[in-house]
1. I need the peptides 107-115, 215-223 ranked by packing, meaning the mean over residues of other C-beta atoms within 10 angstrom, with the highest value on top.
2. Dipole of region 234-377 (Lys/Arg Cβ +1, Asp/Glu Cβ -1, origin at the Cα centre): which of Gly296, Phe333, Leu235 lies farthest to the positive side?
3. Go through 347-357, 274-284, 374-384 and give me the packing order, highest mean Cβ count within 10 Å leading.
4. List nothing, just return the count: lysine pairs in region 255-398, 8 or more apart or interchain, with Cα separation under 28 Å.
5. Straight-line reach from Lys234: which lysines have a Cα under 18 Å away, not including same-chain ones fewer than 8 places off?
6. Would you mind putting 116-124, 193-201, 313-321 in packing order, based on average other-beta-carbon counts within 10 Å, highest first?
7. For region 3-62, run through the GluC sites (Glu not before Pro) and keep only the ones in DSSP coil with at most 16 other Cβ atoms within 10 Å of their Cβ.
8. Calculate the translational D of region 255-398 in whole µm² s⁻¹ from Stokes-Einstein, where the hydrodynamic radius comes from the Kirkwood formula applied to all Cα pairs, the temperature is 4 °C and the viscosity 1.567 mPa s.
Amino acid sequence: MTFKVEKLSETQTKITTSTKEILLLGTAHISSQSVEEVQQHIETENPDHVCVELDAGRLQSIKEGSSWSSMDLQKVFKERRAFLLLANLVLSSFQRRLGSGLGMKPGDELKAAVDKAEEQGIAYSLCDRPIQITLQRAWACSNFWNKMKLLSALLGTAFTKEELNDQELESLKKGNVLESMMSELANFLPTVKEVLIDERDQYLATKIFNAPGKKNLAVIGAGHAPGIIEWFRKLEEEKAESDLEKISHIPPKKFISKVLPYIIPLAVVGLLAYAGIAKNFQAALDMGLVWVLANGICAALGALIALARPQTIIVAFLAAPITSMIPVIGVGFATGILEYFSRKPRVNDLENIQSDSSSLKGWYKNRVTRILLVFFLSSLGSSIGTFWAIPKMASMLSGL
């Protein structure tokens, strides 16, 4: 049995198994040198097969550009996909902003691998899990509060002015910076790290390991290399079965996830009922006022920060205390839909959504992203109000 790992350079690792040789080429996703390196290695190595960290949808998007003109924002809200759309926009805009200063677009080096393989007449495989499956699995594994934490962190990152030069980008290919970021992500939101990184390592490794050919070249993001190599070892030495079916679909909600949204309204009702029984109706009324004001003010403040229309801010205040008691609807749905009908997106808003989402000013100028901000910030405000109000109500009850 043969399994050998050779570190050829900062970006190259050669793995020899009993059946084939695999050259892993780690890249920075927005680096001009990565594009040149990919093209050069396919020419000089002349592999039997090229594996690329892409799925069919992302390849089409890179080649043709993302089309938002046909997006139905009202449908997005009704299908409860607004959080997912917001996360997708923030992630893509952050990568695009970093690459813009270098004349690069995210995924240029992966497209270069496909183009060069086609030019050389070499068969290639798209080995990454579809991005929508990855994002939806990450979303399904996160509770509401973790979704808020993740989007808050992403928005904060997206609106920073920091840009990287070529030298700093090339340092990312050494892996240590990316691995440090991954560790930080694991500490911040372990469930998201598992889906975005660990599962994709498994998926990529299995697809690359099982790809046809005796001499293969795999173009991957540098941060995935350690995880992929570990999975290669399992697949070769332990003859482990990698069940991709298990990580290729949206998991059904767990029992606790189904029950949890009902705990908050039950807790609120329980506290109010106990106050009425233990003290009097006025005590329950005082506690209820805390609930209404905490939710309403925080949600309205979020809508105000998003520069929502006055009627939307009023609706945020009135709806938040009620929607917080209804598990199937949130205040963001109410404010988002109202803002949509009172400030309907124009054609140029849909056409310019990618460029506008690269700056804070653009998020406020574009009607689509403004609506998403209203949705998110009013939802975040209501959540903050909820998590402040319940302990406050409990402390008022203990003082009766």
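Here, each number is a calculation from the coordinates, and none is a lab measurement. Keep in mind that what you see is a predicted model, and the values were worked out from it rather than measured. Backbone-built Cβ (ideal geometry, glycine too); neighbour counts: all protein chains shown.
1. Numbers: 107-115: 21.9, 215-223: 23.9.
Averaged packing, sorted descending, gives the order 215-223, 107-115.
2. Checked the options; the winner is Gly296.
3. Values: 347-357: 17.0, 274-284: 14.5, 374-384: 27.2.
My ranking of the peptides, most packed first, is 374-384, 347-357, 274-284.
4. Details: Lys258/Lys392; Lys279/Lys392; Lys344/Lys361; Lys344/Lys365.
Close lysine pairs under the 28 Å cut-off: 4.
5. Correct list for Lys234: Lys4, Lys14, Lys20, Lys207, Lys246.
6. On the way: 116-124: 15.7, 193-201: 19.7, 313-321: 23.7.
Highest to lowest by the protection proxy: 313-321, 193-201, 116-124.
7. On the way: sites: Glu6, Glu10, Glu21, Glu36, Glu37, Glu43, Glu45, Glu53; in loops: Glu10, Glu53.
Here the GluC sites (Glu not before Pro) that fit, given the DSSP loop and packing criteria, are Glu10.
8. Details: Rh = 16.1 Å.
For these conditions, the coefficient is 80 µm²/s.
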